[in-house]
Amino acid sequence: MGGPAVRTRPFTVWPIFGRSEEKGLLRVLRGGKWGRLDGTEVAGFERRFAAAHGCRHGIAMVNGTVSLRLALMAAGLKADDEVIIPPYTFFSTASAVVEANAVPVFADIDLVTFNLAPAAVSAALTRRTRALIPVHFAGQPADMDPLLRLAKKHGLIVLEDAAHAHGASYKNRPAGSIGHLGSFSFQSSKNLTSGEGGIITTNDEKLAEACRSLHNCGRVPNGVWYEHHVISGNYRLSEFHGAVLNAQLERLAEQTRRRDRNGQYLAARLALLPGLYPQKRPAFCTRHSYHLFMLRLDAREFGAPRAAVLRALQAEGIPCSPGYGFSLHHQPFFRRRAFGPYLPQTRARLDYRRTDCPNSERICREEGVWLGQNLFLGSRADMDDIFRAFEKVHEQRAALRALNKGAAHR
Ligand SMILES: Cc1ncc(COP(=O)(O)O)c(C=O)c1O
């Protein structure tokens, strides 16, 4: 409304890089071994990333969408098997299932943790269910023990979608090591990045071998170059990516601790304001990686719709967004069953318009607010600025309401 903004300085810019990334890239460039079949960067990164996440095996690949799909294929999913996923997640969690020729089945999330609700998973089980994909949304682990119990009882594969959860932990168990398989993304916004990239983690020797084969044109470890044992493609990561990831990995532990410290501090402060509900952190979350800082906002407390509150926060210098505008099961490709060559017979009996996930829908439509991970790499003073901006917008809610009413009448 024309007054001075709470924040005029920029927040920490992402990605962060330095001499080690530059040296790594030049090392690969000048060494002439640019592909993973020739060099040692990707192989070394796989070992170090897997070990840092409590796993014996890591198979790096071109992105975190492919890693989800290949993990499902390695697990031996058959056509028309059902895979339970949350509706509050990125497109890839579902597309990977369809591209593995399996059927995504939605189970709602918990309203306060934003992660898959075990009771909803239980209700979504059928005799066709073969796998579950808990997403550690925003970087907070899903409640894995009840999910693992259900999986054991029903003989299901558990694939953790840990695209947001580098360095996060559940009861001190690293994300990516809790289910049968884990999948991470190194896309440019992620907490560990090489621009694009992904990895599958596992402690299961056989699954690791299958993933390795699937990401390398169906070749087998120690096999002959021109011998392809299963249908697949080339999803290998380049050595340039490997070099950047090796340098980035050196920074991850400290950055994760900093994000977690700042995130916890901000969550505690914001929870004191009326109408703000930061993602609830149960005791089982022993490390939150804060890829996103998420909260629910009760717009009634602010006298104006979420979009108006976010615009006011942005005017105060706080980058923020409403996140997903609608729940994944409402995507046009689900409504239209636009599955390309996949699920040719099954699609006729699928009707995603009947899927009902009220918590996810409510968060998408009305309440969700996201702040990006880069904000949490700064100082406590940065957190105080974010808090102050929310507080100021709340204090000015009468003006915001008047402004919004005026806008509605124009
Ligand atoms: C929850 C989740 N799963 C999977 C992915 C896919 O990763 P990528 O972009 O590397 O394909 C993303 C990426 O944004 C994601 O947020």
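Observations on the structure shown:
- Pairs of Lys residues in the chain are counted when their Cα atoms are under 24 angstrom apart and they lie 8 or more places apart or on different chains; the count is 14.
- Measure of compaction for the chain (Cα Rg per 2.2 N^0.38 Å): 1.02
- Annotation: peptides 383-392, 180-189, 252-261, ranked by per-residue average of other Cβ atoms within 10 Å with the highest first, follow the order 180-189, 383-392, 252-261.
- In the chain, the DSSP-assigned H stretches of four residues or longer account for a calculated mean residue ellipticity at 222 nm of -11500 deg cm²/dmol, using -39500 (n - 2.57) per stretch and the full residue count as denominator.
- Charge dipole magnitude, Cβ of K and R +1, D and E -1 - the range 157-281, Cα centre, debye nearest 20: 700
- Electrostatic dipole magnitude of the range 1-155 [Cβ: Lys, Arg +1; Asp, Glu -1; Cα centre; debye, to 20]: 540
- Put simply, the Cα atoms of the range 284-345 extend 51, 35, 21 Å along their principal axes, the longest span coming first.
- Projecting the Cα atoms of Gln255, Leu276, His288 onto the dipole axis of the range 246-318, where Lys and Arg carry +1 and Asp and Glu carry -1 at the beta carbon, places His288 farthest toward the positive end.
- Amide H within-cut-off set for Ile157, under 5 Å, with H built and near neighbours excluded: Ala131, Leu132
- Each residue of the range 290-295 is assigned a 3J(HN,Hα), and the resulting list reads 6, 4, 10, 9, 10, 8 Hz, derived from the Karplus form 6.51 cos²θ - 1.76 cosθ + 1.60 (θ = phi - 60°), x at Gly and Pro.
- Each of the peptides 62-74, 274-286 was scored by the mean count of other Cβ atoms within 10 Å over its residues; in descending order, highest first, they stand as 62-74, 274-286.
- Ordering Gln345, Cys211, Gly155 by Cα displacement along the dipole of the chain toward the positive end leaves Gln345 in first place; charges were set at the Cβ atoms of Lys, Arg (+1) and Asp, Glu (-1).
- The dipole here belongs to the range 163-224: it is taken about the Cα centre, uses +1 on the Cβ of Lys and Arg and -1 on the Cβ of Asp and Glu, and is about 120 debye.
- For the range 347-361, Karplus couplings with θ = phi - 60° (6.51, -1.76, 1.60), whole Hz, Gly/Pro x: 4, 4, 8, 8, 9, 6, 5, 8, 5, 10, 10, x, 5, 4, 5
- Accessible-area composition of the chain, carbon plus sulfur, in percent [1.4 Å probe]: 53
- In sequence order, calculated HN-Hα J values of the range 51-56 (Karplus, 6.51, -1.76, 1.60; Hz; x Gly/Pro): 4, 5, 10, x, 10, 7
- Of the peptides 122-129, 396-403, the ranking by mean beta-carbon count within 10 Å, highest at the top, reads 396-403, 122-129.
- Thr113 long-range amide H proximity, modeled H, under 5 Å: Lys280
- Computed from label points 7 Å out along Cα-Cβ, the spacing between Ala399 and Leu37 is 6.5 nm.
- Potential extension, His228-Ala271 segment - 0.36 nm per residue separation minus Cα distance: 9.9 nm
- Relative to the longest principal axis of the Cα atoms of the chain, helix 397-409 runs at roughly 80 degrees.
- Close amide H pairs (under 5 Å, H built 1.01 Å from N) link His57 with Thr202, residues at least 5 positions away or on another chain.
- Across the options Phe326, Ala398, Gly139, the greatest Cα extent toward the positive end of the charge dipole of the chain (unit charges at beta carbon of Lys, Arg, Asp, Glu) belongs to Ala398.
- Between 0 and 90°, nearest 10: helix 380-395 axis offset from the chain longest Cα axis: 50
- As a ratio to 2.2 N^0.38 Å, the alpha-carbon radius of gyration computed for the range 72-183 takes the value 0.95.
The values are calculated or read from the model by the stated rules, or taken from the named source; none is laboratory data. These figures come from a predicted structure and were not determined experimentally. Cβ atoms come from the backbone with ideal geometry, glycine included; neighbour counts cover every protein chain shown. Only protein heavy atoms, including side chains, enter the accessible area calculation; ligands, DNA and RNA are left aside. Shrake-Rupley method; radii C 1.70, N 1.55, O 1.52, S 1.80 Å.
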